[in-house]
1. Looking only at the stretch B:122-171, filter to residues that are closer than 16 Å to B:ALA191 by Cβ and among the aromatic types (Phe, Trp, Tyr); which one of those is nearest to the chain's Cα centre (by Cα)?
2. Can you work out which of the residues in the stretch A:283-335 that are polar (S, T, N, Q) and farther than 21 Å from A:HIS397 by Cβ is surrounded by the most Cβ atoms within 10 Å (Cβ to Cβ)?
3. Limited to the stretch A:31-71, what total is found for residues that are outside any strand (DSSP E or B), facing another protein chain (nearest Cβ under 8 Å) and more than 22 Å from A:MET162 (Cβ to Cβ)?
4. Would you check if there is a residue in the stretch A:366-382 being within 14 Å of another protein chain (Cβ to nearest Cβ), in a loop (DSSP other than H, G, I, E, B) and buried (at least 22 other Cβ atoms within 10 Å of the Cβ)?
5. Among the residues that make up the stretch B:109-117, is at least one of them farther than 21 Å from B:TYR14 by Cα, within 12 Å of chain A (Cβ to nearest Cβ) and either touching a Phe, Trp or Tyr at 6+ places or on another chain (Cβ under 9 Å) or not in a helix (DSSP H, G or I) (or both)?
6. Among the residues of the stretch A:148-200, write down those that are without any contact (Cβ under 8 Å) to a residue 40 or more places away in the chain and not in a helix (DSSP H, G or I).
7. Out of everything in the stretch B:80-95 that is surrounded by 20 or more Cβ atoms within 10 Å (Cβ to Cβ) and either outside any helix (DSSP H, G or I) or within 14 Å of chain A (Cβ to nearest Cβ) (or both), what residue ends up being farthest from the chain's Cα centre (by Cα)?
8. Can you work out which of the residues in the stretch A:4-22 that are among the charged types (D, E, K, R) and farther than 11 Å from A:LEU56 by Cα is surrounded by the fewest Cβ atoms within 10 Å (Cβ to Cβ)?
Amino acid sequence: MELLDKLNILADAAKYDAACTSSGLDRSARPGTIGSTMMAGCCHSFSADGRCVTLLKVLQTNFCVYDCQYCVNRRSNDVPRAAFTPEELCELTMSFYRRNYIEGLFLSSAVIQSPDYTTELMIRTLRILREVHRFGGYVHAKAIPGADPLLTRRLGLLADRMSVNIELPSSPSLALLAPDKKKEAILTPMAQIRDGISESKREVAVYRHAPRFAPAGQSTQMIVGATPESDKHILTLTQALYDRYQLKRVFYSAYMPVSSSPLLPVAENFKPPLLREHRLYQADWLLRYYHFRAEEILDEDQPDLDPRMDPKCCWALRHLEFFPVEVNRADYESLLRVPGLGVRSARRILRARRVGPLNFEGLKRLGVVLKRAQYFLTCSGRMMAGLRVSEDGLLRHLVALEAPALAEPMPEQLSLFGDAG
Amino acid sequence: MPWTQISCQYDGTYPGFLSCVFDCYVNKEEPVEFRTPDDTCCSLYPLRTVVTDQEHAKRVYRSFAKFGAEGQRLAVRAFLTCLPDKELWLWRLIRLGYQLGPKIGQNLTDPVVDKVRKAVWHLEHEAHQYKGFTRFSELDGVLAGEIEPKNRVLPLLRAHFCGRYPQESFVLHDRTHREALFHQPGAGNCAILPVEDFSLGPAGAEELACRKLWRAFYDTIAIEGRYNPKCRMTNMPKRYWAMMTEFQEDYGAALPEVHTLPSGPQ
């Protein structure tokens, strides 16, 4: 089989993995090596679906022994199968990397023969890449649940970031759709990676040449919309993953109909829940950067995120007693709670107000999006001039702000000569 | 007594500009416009021609340390931006900097600081995007690439690409400003030089094969059910596309001759 065909098959099989980041680690190339990584990560392109392309995202192989219903690579699915040899995958990565097409390699795999065998194959690839080609760029490796802990450890010593996919948000869903995978089998390597990372950090603090285990941390992903869990359930789970497993990121992937299994939503006319995914990411950002807790964002009365408005606006409307916030006095945490103020603008406000009091004109200069924030802020005790809104009006205004972006059907050019029949 | 208003003529380089700052302070003169010898338009203000003096320039450059880390960054980088009348804005920033000292980095609501800060942000943002969107082609063992930036991003890209490919020889050509970054293996073998004419031979078979593989990967990785051209254009504006391998047909040429943008999905 030609390399081109293999690339087509194995990139196609890997594309449903949402994680494509190259962040979390600063490393420059040493003489004799090639490749560096950046703390902020770097997008090298954007595909037609608007997602960032930063790593060469491929599977080692798509031959699989499992039969997970939601997965395009399941054993019972009739698709072309292929496998990269470690050598050709390394050649490919290097030729792309030298031309600045990619930031590194994202290596995942379906389970061929057994988890151990698959992991060994991946280790061989990464060893050639690191030791023969002396590659210092970013490597993201998927840990295969069920593999021997020693093999997972060796994989982690070669990779920068590791991930184990939690796949579905609850164990009943997992039992239903992925009968070969158990929740424990997923969480065990996750805990192992967490412990490996913290141990490696301690060792590096003592001896700077100590081997680094997954220095850019670990992430995970789950599929949203294939099973009936509420947003509250998903967010609580996410928070637990951040708290207990110290993950860098949790990715959500709106379910794409890749299977006609009776256990899954019907494929015809199925719209992937992209807006729900978007709202979940917004809520995820609130958890990670805005000091919110999952219980604040959603509760029993309101188990799902409001599609009309972002979660921070929703929170603000339920807690009007918290507002208005005084720009010139409020602390960082309170500023972060204001809709329209992000981490950057909040930091800029802290810096700018040391020089003198801020007014609305100044806020605009700082880059604060006043169309949302104006309802929740005072500058030196005054609201924005000419602004008078009731509580009902506030909801309407905020919903209207997002409405243009949410207009679902794309306008179509009318045709004079409609299709006959 | 207010300073005399003058029109300042210099050679268009950064040391030249710093010499202007030096001379203006010595003579107590306030420049209201900056010109290079190429500017043909005449001025109503008395013209002062400043001869570049490296020693004076260095003194002014070192004095930027008084502005604090943030202020210093603005004063050094603003000259690379594409801000109209950047010299004048930079002059105002420098005057303000000598008055305020390190506080200038916090004075974000000041119109001058704001203007310069946004221009520098644009420069840094563009440089960051080019870290990803630059494409190299291999020609006889040398990597060659071209970019068409609005700001002068090469000085900002230098550390990145030299740090990434220490063992490679590469050239990165900036079409807009007619200069190129050259690098050869070995520490410190790296320079940005003006380039008048930039052309290369045809691409080899291996290079063409690699481009084909990359295009195949790029087309495959998109999920049809999530097709979202607007999101792609927001993240990667079309002005970058012309230079990117994934949007090119095979010309067999070393680097594509670009006159118009390829017609992507609208």
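1. Once the filter is applied, the top-ranked residue is B:PHE161.
2. A:SER334
3. Here the count works out to 6.
4. The answer is yes, given that some residue of the stretch A:366-382 is within 14 Å of another protein chain (Cβ to nearest Cβ), in a loop (DSSP other than H, G, I, E, B) and buried (at least 22 other Cβ atoms within 10 Å of the Cβ).
5. yes
6. The answer is A:ASP148, A:LYS182.
7. B:LEU83
8. In this case the residue turns out to be A:ASP5.
The values are calculated or read from the model by the stated rules, or taken from the named source; none is laboratory data. Just so it is clear, the model here is predicted, and its values are computed rather than measured. Note that we place each Cβ from the backbone using ideal geometry, even for glycine, and neighbour counts take in every protein chain shown.
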